[in-house]
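Beneath this line is the structure, given in structure tokens, with notes to follow.
We did not get these values from a lab; they are worked out from the coordinates using the rules stated. All of these numbers come straight from a predicted model, not from anything done at the bench. Here Cβ is always computed from backbone atoms with ideal geometry, including for glycine, and neighbour counts include all displayed protein chains.
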Protein chains: 8
Amino acid sequence: MPGKPLVAIIMGSDSDLPIMKEASKLLNDFGVRFEVKVLSAHRTPELARKFAMNAKRDGFQVIIAGAGGAAHLAGVLASHTTLPVIGVPIETKYLKGIDSLFSTVQMPGGVPVSCMSIGKSGAKNAGISALQILALRDIKIHRKLDLFRKDMVKVIKKKNKNLNLRVG
Amino acid sequence: MPGKPLVAIIMGSDSDLPIMKEASKLLNDFGVRFEVKVLSAHRTPELARKFAMNAKRDGFQVIIAGAGGAAHLAGVLASHTTLPVIGVPIETKYLKGIDSLFSTVQMPGGVPVSCMSIGKSGAKNAGISALQILALRDIKIHRKLDLFRKDMVKVIKKKNKNLNLRVG
Amino acid sequence: MPGKPLVAIIMGSDSDLPIMKEASKLLNDFGVRFEVKVLSAHRTPELARKFAMNAKRDGFQVIIAGAGGAAHLAGVLASHTTLPVIGVPIETKYLKGIDSLFSTVQMPGGVPVSCMSIGKSGAKNAGISALQILALRDIKIHRKLDLFRKDMVKVIKKKNKNLNLRVG
Amino acid sequence: MPGKPLVAIIMGSDSDLPIMKEASKLLNDFGVRFEVKVLSAHRTPELARKFAMNAKRDGFQVIIAGAGGAAHLAGVLASHTTLPVIGVPIETKYLKGIDSLFSTVQMPGGVPVSCMSIGKSGAKNAGISALQILALRDIKIHRKLDLFRKDMVKVIKKKNKNLNLRVG
Amino acid sequence: MPGKPLVAIIMGSDSDLPIMKEASKLLNDFGVRFEVKVLSAHRTPELARKFAMNAKRDGFQVIIAGAGGAAHLAGVLASHTTLPVIGVPIETKYLKGIDSLFSTVQMPGGVPVSCMSIGKSGAKNAGISALQILALRDIKIHRKLDLFRKDMVKVIKKKNKNLNLRVG
Amino acid sequence: MPGKPLVAIIMGSDSDLPIMKEASKLLNDFGVRFEVKVLSAHRTPELARKFAMNAKRDGFQVIIAGAGGAAHLAGVLASHTTLPVIGVPIETKYLKGIDSLFSTVQMPGGVPVSCMSIGKSGAKNAGISALQILALRDIKIHRKLDLFRKDMVKVIKKKNKNLNLRVG
Amino acid sequence: MPGKPLVAIIMGSDSDLPIMKEASKLLNDFGVRFEVKVLSAHRTPELARKFAMNAKRDGFQVIIAGAGGAAHLAGVLASHTTLPVIGVPIETKYLKGIDSLFSTVQMPGGVPVSCMSIGKSGAKNAGISALQILALRDIKIHRKLDLFRKDMVKVIKKKNKNLNLRVG
Amino acid sequence: MPGKPLVAIIMGSDSDLPIMKEASKLLNDFGVRFEVKVLSAHRTPELARKFAMNAKRDGFQVIIAGAGGAAHLAGVLASHTTLPVIGVPIETKYLKGIDSLFSTVQMPGGVPVSCMSIGKSGAKNAGISALQILALRDIKIHRKLDLFRKDMVKVIKKKNKNLNLRVG
């Protein structure tokens, strides 16, 4: 896919990659250009700041940010840009992502972060959410989203057929 | 503001109006057309469904949905449209909105809801979030968002001056 | 068992089957006809709606619905029928079912869902709960429920005998 | 309303009456006979036990039980009867009813309690839930439930009209 | 150890035995007679009631009760006796024992349960707690408790010596 | 009441007095001698230590300790004595006593604290719990406890009579 | 107090001033120079960054930061300096500061924040904590801290005298 | 490293060593002398008290304390010294360290504990936090901390290079 990436997928640590790949796979399937980066709000604040300040100028339309614990990444990026920022709370070892969720979702009035569910389903939905925003000006993505929805119905209808064989 | 509304602000009960007005005030300030409606996922499922199914055709670009408790409203609307749906968890009397938050944010992979913080700041951020999406194709909104950010800085700088008089 | 099913067991995903089988096993043991279906509140809203709207006409007396996360399934079904709807919160990977519990139990006044405990014991109790409702007009089920209770006492009495051999 | 009561509304303390009246009001509106009693699982275990053991024989079809804190009432009643028992977790001063919710809903496999939401909406839904069970064999209650649903839609439609005057 | 048992160790399910053995081991080490029983508040309410009503007459001085989930066992036993009842919240699969804790500890004024920590350490402490009560009238147990404390100090002192070899 | 006090009621701050008076009132009603003291685990560790080390020698049989937040008081007292220590978690302004509860109840194996419910009902139950321990060797207290139970039944029976006038 | 301030008290909003004054009062009492500033991690990220980057050069020894909700302030300041950063979680309207606590305390390995308790007691302790750090190289502060501790003991001893008049 | 240790690493149980080694490794890397000890607030209160009372005289500048459950260790040490005390909440089996966190962080006004995040990252940050305090008077540690920060940036930059190879 030539051309500049439209979506940035930022994660606080490369250990978050197996989670955040749910977002990149989806963008890939839809043929939308994206870039993946590790940027820590706490360990690389300057890199995170520069990325966010230049994101609009660099052609990005949506930023997806995944982080765990005191998950400040999405909020820090959002403080440096007016692009839509989608936050994915990553599971933590002890508090199971409730800390990540509160740190991502409870943003003060004025600087929003669009928070998804915890973990893989959240990362997948971050990808779909970015696509829904892009679809507002791109009829091809819009049509693909409609097909994506119809496929979900087909999958479940098929599962119901198999189900009858498994119960009883 | 003539023309069709671009943003729908849906709430589960008219008692949520004082909260959700934070979103409508902001859209009003930015000169963006919107519509406000009470639609309950549980008490008026047919009305909610029809609204969501027709929302794109009716010209809406973004849906904001606020609800409390087993807050299914944003999820139910999102199940009937591929427009971006922004969810605002409304405070509840007993569990203080933690139930609304979980019911809004923990959506399964495939059907995203963009969850904001609980209550008024969340409603305000839902408005800003909608504007950030619209700003991707509307340079005027984009510029106003930049000014909005700069105003926040001015307000805090001014508060710091007053602060020195209040401490010590 | 010929004739129309009296109880519907609906689940949000076929991965919930190992949990929800606790309900079907029990209905099977009691000789009560039932049907098992995968219907997602979010991915197949039209299928879920149609099922619920027709459930009474189709002869169902009780609906059991199991779902996890932002578990809207029981609530969505309840919004389309006045049949008793029993909700089973399914465990989630990160929040361990507390999200499923809040999304299932915290229904607004007007549209009840009868919430069971999280996971397998909840699914089993959903089956018993359906039987207790059916027993109000079916003396055979009523008698079987009495025997079921007596069996539980026998099991525990027997365990106490074995216990004495294991402690000491 | 002459004849034996069909629904029992039991509460752990008479201070729970303002909450539990939401259930009795509804049964009253539907013309269903009921009885209200204070019975504590801990302070009057013998009274609670005798009530539950005789409830079926005394003509009751459904038991509603509201209690707070280590809310054992619904579970204790359920242990002595196979009638459907609907539990209403009452708000507590410190933990806000999360303790009542867990104590009511997390019943072990074998002895179900149908748990409603915390507080007033839960009590109201307990009433509706009881009516939905009774409606399975009483066409009049069934029709009234349908009207009750339609009235909810009317109320919301009316609210939407007033809403337009309040926003903007 | 001839004679009647002084302490009863009751558990809601025989699957709780590996936890509750922490209590029986300790009583065994101190030479205090005890009895272990499975009694469920919900599945065998009559057995539980009779046990508790007769416990004092049967010579018991302290009752230890371990249960999980909507853990009503300790509360139900306490409602039928004025003997000290010590509750041990057993871990649950999904909510990790926070449900057991709330159901055990949040007893209403008038009927106390002495709640221990969740799981094995709680069961062990239930044993010690029972011994501390018995020690008020038994100088031998009192002295053994003092030695038990001193042994804990010795163990930690010894660990500190080994620690120096492991760090550095 | 001449003679040495048998029960000590210790609180972390004199602001806890309105809560802890629930315990002292009860002991007073039963004619049991007690002493009330403010001792902070953190602000007066030496006073707390000396009190606990000498408590047995000074004739105390039971120690009741109420504290809020990182409520270390009961645990610190328990670390210096083998007398039964009953802990009352006091409500806190922000976390509503869940912090006090965890800090009081989650004691490590070896040093038990008997935890009561949060706040006033917990303080009242601490008093009853102390009486239940003392009753093991004092037949008068035992008889009064039986009467106390019977009075609770009478109160509830009376409330049921008044209830009939208030409902319907 | 002439000379450069040693401690910075930063808060996310001037509405936090009544809380954070607990810290400034204490520093004032100890004669330690400090500066109070409103700096928002999200609304004024550049001001917050510059302050933290220059804090050491400007002579600060300790930074105290109070914020609520998705409380990123302490973490953001800590990411730009190696000075000790003490975080005070400010109570929030809905989640009561549990969100602020998790967002402040759950910092990733590499960039610590020293988290205090929620609200006023936390702000007070932030002041004492700063003083304990400064006391390592300032014998006067060290002595004052010792006196401060002794005063706490005196206050409690005095309260015990008054207590005897209030109980019984 | 000759000379007296500057930092004490205290843990409630030697099973906490794998967690607390994160702190000792870091101090070792920075060439700062430290001592590791097992001291239980509950099982060895006298040892803990003596250690804390003498810590300053013995040359310690900072105390790090890790404990789980009703984690009183940091608070108990802090009650006997005015040295900075850094608390590390250790994960517990059932409540996952939320109990340890509340017991460590919710200290009353007057006696601060600097609380780190739960588990290994918290122990590592306790080490860094101690170094940040020592760095105020030791330019070498200060420089090493700056390098440590720069190394974190290098590591993440390098990870970004590898990332491009893994995505796509």
* Structure fact -> In order over the range D:41-48: 3J(HN,Hα) from phi, Karplus 6.51/-1.76/1.60, θ = phi - 60°, whole Hz, x for each Gly or Pro, gives 4, 9, 8, 10, x, 5, 5, 5
* Structure fact -> In terms of the alpha carbon gyration tensor, root eigenvalues a ≥ b ≥ c, rounded if a/c is under 1.5 and otherwise prolate when a/b exceeds b/c or oblate, the protein assembly as shown is oblate
* For the range C:61-168, which trypsin sites (Lys or Arg not before Pro) are in a loop by DSSP, counting at most 16 other Cβ atoms within 10 Å? -> C:K93, C:R137
* For the range A:7-137, just say rounded, prolate or oblate: build the C-alpha gyration tensor, square-root its eigenvalues into a ≥ b ≥ c, call rounded for a/c under 1.5, and beyond that prolate if a/b exceeds b/c, oblate if not. => rounded
* Starting at the first residue of the range D:19-28, write each ³J(HN,Hα) from the Karplus equation 6.51 cos²θ - 1.76 cosθ + 1.60 with θ = phi - 60°, in whole Hz, x for Gly and Pro. => 6, 6, 4, 4, 6, 5, 4, 5, 4, 4
* Structure fact -> For D:L147, D:L6, ascending order of other Cβ atoms within 10 Å (fewest first) is D:L147, D:L6
* Structure fact -> Rounded to the nearest 500, the 222 nm mean residue ellipticity computed for the protein assembly as shown from DSSP H runs (n ≥ 4, each -39500 (n - 2.57)) alone is -16000 deg cm²/dmol
* Relative contact order, percent, of the range D:7-137 when contacts are C-alpha pairs under 8 Å separated by at least 6 residues? -> 27 percent
* Obtain the nm distance between the two label points defined at F:D146 and B:K93 by a simple spin-label model: each point lies 7 Å from its Cα along the Cα-to-C-beta direction. => 4.4 nm
* To do: Have a look at the DSSP beta bridges in the protein assembly as shown and tell me what percent are antiparallel, nearest 5.
  => 5 percent
* Structure fact -> Counting only residues 5 or more apart in sequence or on a different chain, those whose built amide H sits under 5 Å from that of H:A70 are F:Q106, F:M107
* Mind listing the long-range amide H neighbours of C:L6? Cut-off is under 5 Å, sequence gap 5 or more, other chains count too, H placed in the peptide plane at 1.01 Å from N. => C:R33, C:F34
* Asked: What's the center-to-center distance, using Cα atoms, between the range E:58-83 and the range E:119-168 in Å?
  -> 25 Å
* To do: Arrange the following residues from fewest to most other Cβ atoms within 10 Å of their Cβ: C:M53, G:M116, B:M20.
  => C:M53, B:M20, G:M116
* To do: For G:G97, enumerate residues with amide H under 5 Å from its amide H, sequence gap 5+ or separate chain, H modeled in the peptide plane.
  => G:T92
* Structure fact -> Note to self: C-alpha centroids of the range E:4-22 and the range A:12-57 sit apart, in Å, by 53 Å
* Could you give me the ³J(HN,Hα) list for the range F:146-159, computed from phi with Karplus coefficients 6.51, -1.76, 1.60 and θ = phi - 60°, whole Hz, x at Gly and Pro? -> 4, 5, 4, 5, 5, 5, 4, 5, 4, 4, 6, 4, 5, 4
* **Antiparallel bridge percentage (DSSP; both residues within chain D; nearest 5)** => 0 percent
* Structure fact -> Cβ density ranking, 10 Å radius, fewest first, applied to A:H80, B:H42 yields A:H80, B:H42
* Asked: R0 = 45 Å: FRET efficiency of D:K50 with D:V153, Cβ-based, nearest 0.05?
  -> 0.55
* Any lysines with Cα under 16 Å of the H:K21 Cα? List them, leaving off those in the same chain fewer than 8 positions away. => E:K159, H:K37, H:K120, H:K124
* Asked: Hey, which residue of C has the C-beta nearest the axis mapping C onto H, and what's the distance in Å?
  -> C:K96, 5
